[in-house]
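First up is the structure itself, then whatever we jot down about it.
The values are calculated or read from the model by the stated rules, or taken from the named source; none is laboratory data. In this text, all values refer to a predicted model and were calculated from it rather than measured experimentally. Ideal geometry is used to build each Cβ from the backbone, glycine not excepted, and the neighbour counts take in all protein chains shown. These accessible areas exclude ligands, DNA and RNA; they are computed on the full protein's heavy atoms, side chains included. Shrake-Rupley method; radii C 1.70, N 1.55, O 1.52, S 1.80 Å.
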Amino acid sequence: MNSDLLSLAPEFAQFALILLLFSQSACEHRCRLPKVESWLPAVALLPVLAAVAALSASGVLLAGSYTLDGLSQFFKLLVSLGFFVIVLNATPHMSLAEDKRSDYFLFLALSAWGLMLMASTTELVSLYLALELSSYSLYVLIPMRDRTRESAEAGAKYILFGAAATAVSLFGLSFIMSSQHSTYIAALAHGDWTWAGNPSAVMGLTLFLCGMFYKLALFPFHFWCPDVYQGAANETAAFVATLPKLGAVVVLLRLTAFLKPGMAVTDAVAWLGLISMTFGNLCALRQRDVKRLLGFSSVAHAGYIVLGFIVGSAQGMAAAAFYALAYLSMNLLCFWVVGRVAADGRNLQLEDLNGLYKRAPALAFSLAVGAFALVGLPPTIGFMGKLFLISAAWNNGYNWLVIALALNGAIAIYYYLSLVRHAYTEDGAPEQAPDTSRAGSLGALVLAAVVLLLGMIPTPIYDLALRAAQKL
């Protein structure tokens, strides 16, 4: 055991931020305190610094149920970075009343903390508790918008589908416990996961994975995704679309580390990936609401990332981890632009992007970079992420899924590049003006630079993910 306070610095820093937000929420009606948006962006940087400092930490805590390794520390860094960017995105254009903003950021921080705990949890019951901690906060946040039918519908759907997915996962957990007599992932890795030898274990694992597929928005657990993106506030949708996916990916990487190509569970996940990428892309073709388009895009990308899980090798897991980073950066960039173009908090339609290059050239350029990255065009991180997935999966029994990914990429070109077409070639600018402030434009350009830079120099990050995967 090699652990100290520095090893747990990301969790402690995020929890300290939660305590500050709780104090702000409890006392701001009685005392004259500075507004939360005046100090939160600076304080939200502390978990990022703590995650960087603890990146090389290792150890085992809590009777083997909490593991610090390269994989967990890598994803904690991604969660803290994503939370920091979302705070920066949310503070200038909050659509909430001022007396609710402290509560809003408190629940955001709680959800991010739950995702950090998920990254290190290697015992299934503890993993379920961390999953619920991150989920219950979002149940409160999604309906927290202006009194509209869409926000109420989004909140109800997320809660109902989340409850159903949780029930299925717990049912599967009971099968795993009864058939394998353990809930520790390290012990489960030595179990029998074949239909012939232990059908109850295979059924249990399949059902337990349903909870992760719900977070990932993989078909057929995707039905909440477009409606929630559309009904939630822009800043909330940016969180729901990115950080929970990281938690699902890291858990799936740990659970699938002992699965091999050709196994029953692996083949089932591969078919779900094929349906998910095809269904998501075809549905996105008809969307006019930008957030709903990005919702179906998430369904398609969930199918893409499945390639990394089913390979059963360190290269596949590293490719999935890298693609999680790519997905995070690409979607944060797109939602940053959405939040600046729809500065009044409205839902953005494709027509609202008309003539954006004249009104806000920095936002138009950043949107184009994000769209090119989501398509998978070089030299963006989206291209390298798909290249790593394809390279890891080819000649490992799933060449048909690699071919399907390439074909779906061709389909996705139409609706992703329609964002660029409206921004650069269509006239007739809408009445509402975008946010052209220096801070908003600079933030968009910085995120665009990250997407391009990691696409041109991906090796350091990929090697870091590969070393973490090899230790599993």
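Here the 3J(HN,Hα) profile of segment 269-279, calculated from phi with Karplus coefficients 6.51, -1.76 and 1.60 at θ = phi - 60°, is 5, 4, 5, 4, x, 4, 5, 5, 5, 6, 4 Hz, Gly and Pro shown as x.
Dividing the summed -39500 (n - 2.57) terms of all DSSP H runs of n ≥ 4 by the residue count of the chain sets its mean residue ellipticity at 222 nm at -23500 deg cm²/dmol. Indicate the gyration tensor shape class of segment 399-472 (rounded, prolate or oblate), computed on the Cα atoms with a ≥ b ≥ c the square roots of the eigenvalues: a/c under 1.5 is rounded; otherwise a/b larger than b/c is prolate and the rest oblate. Oblate is the answer for segment 399-472, as a/c is 1.5 or above yet b/c matches or exceeds a/b. When each of the peptides 123-134, 370-381 is scored by the mean number of other C-beta atoms lying within 10 Å of its residues, the order from highest to lowest reads 370-381, 123-134.
Residues in segment 37-109 average 33 Å² of solvent-accessible surface per residue, probe 1.4 Å, ligands and nucleic acids excluded. In segment 112-184, Rg over Rh equals 1.10, where Rg is the alpha-carbon radius of gyration and Rh the Kirkwood radius from pairwise Cα distances. Ligands, DNA and RNA left out, the accessible area of the chain computed with a 1.4 Å probe is 67% carbon and sulfur.
Straightening the chain between Asp289 and Asp267 buys 4.5 nm, computed as 0.36 nm per residue apart minus the Cα-Cα spacing.
Taking 19 Å as the straight-line reach from the Cα of Lys35, the lysines in range (excluding those fewer than 8 positions away in the same chain) are Lys100. Report note on the peptides 273-284, 60-71: ranked by the mean count of other C-beta atoms within 10 Å, highest first, their order is 273-284, 60-71.
When both segment 16-77 and segment 171-203 are represented by their alpha-carbon centers, they are found 34 Å apart. Coupling constants for segment 112-128 follow from the phi torsions by the Karplus curve (6.51 cos²θ - 1.76 cosθ + 1.60, θ = phi - 60°), and in residue order they are 5, 5, x, 5, 4, 5, 4, 5, 9, 6, 10, 9, 5, 5, 5, 4, 4 Hz; glycine and proline get x. Rounded, prolate or oblate: which fits segment 314-472, taking a ≥ b ≥ c as square roots of the Cα gyration tensor eigenvalues, rounded meaning a/c under 1.5, else prolate when a/b beats b/c? It comes out prolate by the Cα gyration axes. Listed by chain and number, the lysines whose alpha-carbon sits under 27 Å from that of Lys471, ignoring those within fewer than 8 places in the same chain, are Lys76, Lys215, Lys245, Lys260, Lys386. Applying 1/(1 + (r/R0)^6) with R0 = 51 Å to the Cβ-Cβ distance of Arg32 and Leu407 gives a FRET efficiency near 0.25. What is the distance in Å between the Cα centres of segment 353-392 and segment 306-334? If you average the Cα positions of each part, the centres end up 17 Å apart.
Across the options Ser179, Phe221, Leu160, the greatest Cα extent toward the positive end of the charge dipole of the chain (unit charges at beta carbon of Lys, Arg, Asp, Glu) belongs to Phe221.
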